[in-house]
Amino acid sequence: MNTYCQDFDKQKMDRLFTLIEENDQGMGSLSLFSEGNEVYQHAFGYASIEDNVKANSQTKYRIGSISKTFTAAIIMQLVEEGKLTLDTRLSEFYPQVTHASEITMEQMLRHRSGIFNFTNSEDYQSWMEQPIIREELVKKIVSFGSAFEPGSKYEYSNANYVLLSYIAEQIEEKDFRDIVQERVCEPCALNNTYYGSKISVENNEAKSYTNFGEWELATETDMSVPVGAGAMVSNPTDLNRFLNCLFSNKVVSESSLAKMTDIQDGYGLGLMQVPFYDKKALGHAGGIDGFQSNAFYFPQEKVSIAYTTNGAVMPMNDILIGVLSIYFGKDYTLPEFKPALTLEPEDLDEFLGVYSSPDFPIKLTITKKGSTLIGQGTGQPEFRLDAIGPTEFKFDQAGLKIEFFPAEDKLVLNQAGRSFELTKE
């Protein structure tokens, strides 16, 4: 028997989420499984602020790229059934994609195909909330061309998994919605997991939020856009059921699972590997609109964790480290949230503008909402900058610090130990 689940400090875990909720640091839901059984569940915050609906243990969230694990499992089933091989070329289905005759199914599953990631395109935000048909999205993917030679390196691209889900639809002559239901959700008894559509609060689905000083409704991507790369809806309990089902060979065969968990450059087939102290977990992370999600399984310990949020200020990683530290009995001090320094709206005016540098890949636009400073990179969502000094600001989720030098019309951006100087245009 696994000793962890017997004696972890549930009150400390509860306290962590109470602190997050009381300090407006996040909203969401967490589930922990040990040996296939749920040992902890906690939902907090709102499913819909506008409707005053609190989240509960059954509330469902968009899970973004965790959908890729479902899609990879479906592709492996099709391989097992002889309908595809991992070496099948993309040209059999979409010869119009650059390098299609060289690109294999396995390269797409591993993000080694070179197919450009369309969600990074400059105009993506302008069309992601509109319905799109297969032909149109394929045309867009084709138009962006190739980012590198197939097989030469790993670079995450949603286009891979959109195309893989289209390929599954063509082989099965069914909508992906039905394929995932029949091939994964039903066999694993996932009653709260399905291909998403427009968010329905009545169906206990959460809306998502950003926080620029207060919670505001986020964008709502149309689910015809991400398909098998990010269109699934679930909750943490079901995500843990899915992981336990997958890792007990009930979704794919033992040899298919071995292939999926063969990690190269941190990624397998629809699975990524993350460390926690001396332990290793396999699973996936996701992000879509204001939603973020994580679902990971520790094979040695037979423990799994799933966390979904529909509004995040405290970085997801910090929350997961807290949860796992408490669960596995590691030293952990509960966070103290110091109130951000409040500046007057007029104090921010000298920082506003568009900043760029030849050394920095995107332009950074600085605006304000009331007394909150807002940053936005080219083609990316807005983010809140919290003041830590009169000219210094931070965005914890991305580990970002910015210092402004208004007299010189410049800013210095620090991230991941690197520093960039950007000048106001």
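The values are calculated or read from the model by the stated rules, or taken from the named source; none is laboratory data. Computed from a prediction, not measured in an experiment: that's the story for all the values here. Heads up, the Cβs are rebuilt from the backbone with ideal geometry, glycines too, and the neighbour counts pull from every protein chain shown.
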Subset of the stretch 66-121, residues part of a loop (DSSP other than H, G, I, E, B) and aromatic (Phe, Trp, Tyr), comes to PHE93, TYR94, PHE116
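Quick test for you: out of PHE296, PHE276, PHE291, pick the one residue that is assigned by TED's automatic domain parsing to the domain that holds LEU84, over 20 Å from ALA206 (Cα atoms) and surrounded by 20 or more Cβ atoms within 10 Å (Cβ to Cβ).
Just one listed residue meets the conditions, PHE296.
Residue under question is GLN25, and the condition is that it be surrounded by fewer than 19 Cβ atoms within 10 Å (Cβ to Cβ) and more than 23 Å from GLY270 (Cα to Cα); does it hold? Working first, answer last.
Numbers: surrounded by fewer than 19 Cβ atoms within 10 Å (Cβ to Cβ): no; more than 23 Å from GLY270 (Cα to Cα): yes.
Criteria not met by GLN25.
Could you run through the stretch 122-171 and say how many residues are among the small types (Gly, Ala, Ser) and crowded, with 18+ Cβ neighbours inside 10 Å? Outline the logic, then answer.
As a first pass, look at the stretch 122-171 and keep what is among the small types (Gly, Ala, Ser): 126, 143, 145-147, 151-152, 157, 159, 165, 168.
Right, trim to crowded, with 18+ Cβ neighbours inside 10 Å and you get 157, 159, 165, 168.
Residues flagged as among the small types (Gly, Ala, Ser) and crowded, with 18+ Cβ neighbours inside 10 Å within the stretch 122-171 amount to 4.
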Determine if the stretch 113-121 includes at least one residue that is in contact (Cβ under 8 Å) with a residue 40 or more places away in the chain, surrounded by 15 or more Cβ atoms within 10 Å (Cβ to Cβ), of a type outside the set (A, V, I, L, M, F, W, C) and touching an Asp or Glu at 6+ places or on another chain (Cβ under 8 Å).
-> yes
Would you be able to say whether some residue in the stretch 259-266 is under 29 Å from ALA55 (Cα atoms) and in the same structural domain as ILE75 (by TED's automatic domain parsing)?
-> no
Please state which one of TYR156, TYR166 is within 23 Å of LYS83 (Cα to Cα) and not acidic (Asp, Glu).
-> TYR166
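Only one residue in GLU408, GLU421, GLU336, GLU344 is surrounded by 14 or more Cβ atoms within 10 Å (Cβ to Cβ) and acidic (Asp, Glu). Which one? Break it down into steps so the answer makes sense when it comes.
Working: GLU408 fails: surrounded by 14 or more Cβ atoms within 10 Å (Cβ to Cβ); GLU336 fails: surrounded by 14 or more Cβ atoms within 10 Å (Cβ to Cβ); GLU344 fails: surrounded by 14 or more Cβ atoms within 10 Å (Cβ to Cβ).
The match here is GLU421.
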Could you tell me which numbered condition GLN58 fails, if it satisfies all but one of (1) of a type outside the set (Lys, Arg); (2) within 30 Å of ALA340 (Cβ to Cβ); (3) in a loop (DSSP other than H, G, I, E, B)?
-> (2)
For THR309, the lone unmet condition from (1) assigned to a loop (DSSP other than H, G, I, E, B); (2) in contact (Cβ under 8 Å) with a residue 24 or more places away in the chain; (3) over 30 Å from ASP87 (Cβ atoms); (4) not aromatic (Phe, Trp, Tyr) is (1)
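Could you check, for the stretch 346-362, whether at least one of its residues is among the aromatic types (Phe, Trp, Tyr), assigned to a loop (DSSP other than H, G, I, E, B) and not assigned by TED's automatic domain parsing to the domain that holds GLN264? Steps first, answer last, please.
Let us first name the residues in the stretch 346-362 that are among the aromatic types (Phe, Trp, Tyr), namely 351, 355, 360.
With the extra rule that they be assigned to a loop (DSSP other than H, G, I, E, B), the set shrinks to 360.
Narrowing the set further to residues that are not assigned by TED's automatic domain parsing to the domain that holds GLN264 leaves 360.
Looking for residues that are among the aromatic types (Phe, Trp, Tyr), assigned to a loop (DSSP other than H, G, I, E, B) and not assigned by TED's automatic domain parsing to the domain that holds GLN264, one finds at least one in the stretch 346-362, hence yes.
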What is the residue count in the stretch 315-328 for residues that are assigned to a loop (DSSP other than H, G, I, E, B) and modelled with pLDDT under 95?
-> 1
Cβ-Cβ under 9 Å pairs, at least 6 apart or on other chains, the stretch 50-76 side in the same structural domain as ASN192 (by TED's automatic domain parsing) and more than 26 Å from SER165 (Cβ to Cβ), far side hydrophobic (A, V, I, L, M, F, W, C) and part of a helix (DSSP H, G or I) | GLU50/VAL201; ASP51/VAL201; VAL53/VAL201
